[in-house]
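Input: a single structure, listed below in structure tokens.
The values are calculated or read from the model by the stated rules, or taken from the named source; none is laboratory data. Fair warning: this is a prediction, and the values are worked out from it, not measured in the lab. Cβ placement follows ideal geometry from the backbone for every residue including glycine, while neighbour counts extend to all protein chains displayed. Each accessible area value is taken on the protein alone, full model and side chains, heavy atoms only, with ligands, DNA and RNA left out. Shrake-Rupley method; radii C 1.70, N 1.55, O 1.52, S 1.80 Å.
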Amino acid sequence: MAIIDVIKFNGIANRDWLVYRYPGDSFVYGSQLIVGEGQMAVFVKGGRALDFFSPGTYTLRSQNIPLLQSFINLPFGGRTPFSAEVFFINNTAKLDVLWGTSDPISLIDPKYGVRIRVRAFGQMGMRITNFRVFLTELIGAVGDAQVVKYDTVMGHFKGVTVTKVKTMIADLIINQKISVMEIAPKLEELSEKVHESLAGEFERFGIEMIDFNLSSINFPDEDFETINMLLGERAAFDIMGDSRYNAKRSFDVMEAAAGNEIGGGMAAAGMSFGFGAGSGLMSSSFSQTFANSSVYSTSCQACGHMNEPGDKFCGNCGGKLSKEQIECYSCHMLIDEDAKFCSNCGSSMLSKPCPGCQKVNKPGTKFCAECGTKLGG
């Protein structure tokens, strides 16, 4: 192999390189070493990192390679040949090293009670600070590659990085009960915690983690649609509410019954109650009226006739005593089956005949299910 007189590395334009192994290992004392800005040169012999050179131009002599000289133990004089490996290390800070969780974190959202598949992404900044430790502990694992890039080195830290991120996101959602939809304000705090937890792992290999940013936490569109559906249902209940809805329905039933009975049975019951209360006794007329009241019987809304409990049709006029409840297609409120409009949102409950093919479509349909013609109203 030819003797090399000048050792230098011009660098790679995109600055993604981290370590460059010089293609040659036979040199002579008196050779010139040129180290560019943002680089460090390291002589390695027998797997040991020996002499280091910062940016500048050097002539290799015993004064500037004392460790290498003692290791190979060759006498000086003239241009004595020796063998060693030279590594150039990029010691500039790289602030856009990307990371991400390849597999989602499956969690139950504490607010909406649905399973969410969470992914996290971001970037970090790093630089080599302890060159001896870095070469000794890590570079041996990359084999004989001439150029080692940041992505290659980050591959060795992917497992611990993802594990730390997943653990802290899970703690935030499960233990602190923070919904995935409300986690954005916590990203900075979460980034700082992950940085503190990971810094020591990188430092063990001579790498300084300058910063760590968790820029986004997201999940699949179908999970987002599930939450949106729940939000829509919650908005409807916020307007009316379960208890308020039931109270309103009860009030409506009582109001209808009072309209039919105020001039008859209930008025008589009131008079009888007054008499009984005055005399300290409950009159028989009150007891009879009370027994015939709407508490124990069903009043026909058409003719006012009092029917026996459980009757489905009026014994006087044959009218239907109870009406089935159906759900409004728009706001999902329960309304009478023969209602033409929803009492809550005003949406039409009438079927829509198609002007083109005459097919009868369900209420709320915008286009004919048979021919696709746009339906009015």
Looking at region 43-60, is at least one residue of a type in the set (S, T, N, Q), crowded, with 19+ Cβ neighbours inside 10 Å and free of Cβ contacts under 8 Å to residues at least 24 places away in the same chain?
no
Which one is nearest to the chain's Cα centre (by Cα), of the residues in region 326-335 that are without any contact (Cβ under 8 Å) to a residue 24 or more places away in the chain and open to solvent by less than 70 Å² (accessible area, probe 1.4 Å)?
CYS328
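Pull up region 85-109, narrow it to residues that are among the small types (Gly, Ala, Ser) and either in contact with a His (Cβ under 7 Å, 6 or more places away or on another chain) or part of a loop (DSSP other than H, G, I, E, B) (or both), then point me to the one that is least open to solvent (accessible area, probe 1.4 Å).
Only one residue tops the list, namely ALA93.
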All but one of (1) among the β-branched types (Val, Ile, Thr); (2) touching a helix residue (DSSP H, G or I) at 6+ places or on another chain (Cβ under 8 Å); (3) surrounded by fewer than 19 Cβ atoms within 10 Å (Cβ to Cβ); (4) more than 30 Å from LEU190 (Cα to Cα) hold for VAL114; which doesn't?
(4)
Here the residues within region 313-339 that are in contact with a Ser or Thr (Cβ under 7 Å, 6 or more places away or on another chain) and under 20 Å from GLN301 (Cα atoms) are LEU321, ILE335
Considering only region 75-84, I want to know if a residue exists there that is surrounded by 12 or more Cβ atoms within 10 Å (Cβ to Cβ) and of a type in the set (Ser, Thr, Tyr).
yes
Show the residue pairs meeting these rules: Cβ distance below 8 Å; 6+ apart or different chains; first residue within region 348-365 and within 18 Å of CYS331 (Cα to Cα) and assigned to a loop (DSSP other than H, G, I, E, B); second residue charged (D, E, K, R) and open to solvent by 80 Å² or more (accessible area, probe 1.4 Å).
MET349/LYS340; LEU350/LYS340; SER351/LYS362
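Check whether at least one residue in region 307-320 is among the polar types (S, T, N, Q), within 59 Å of the chain's Cα centre (by Cα) and modelled with pLDDT of 50 or more, and report yes or no.
Yes, region 307-320 contains at least one residue that is among the polar types (S, T, N, Q), within 59 Å of the chain's Cα centre (by Cα) and modelled with pLDDT of 50 or more.
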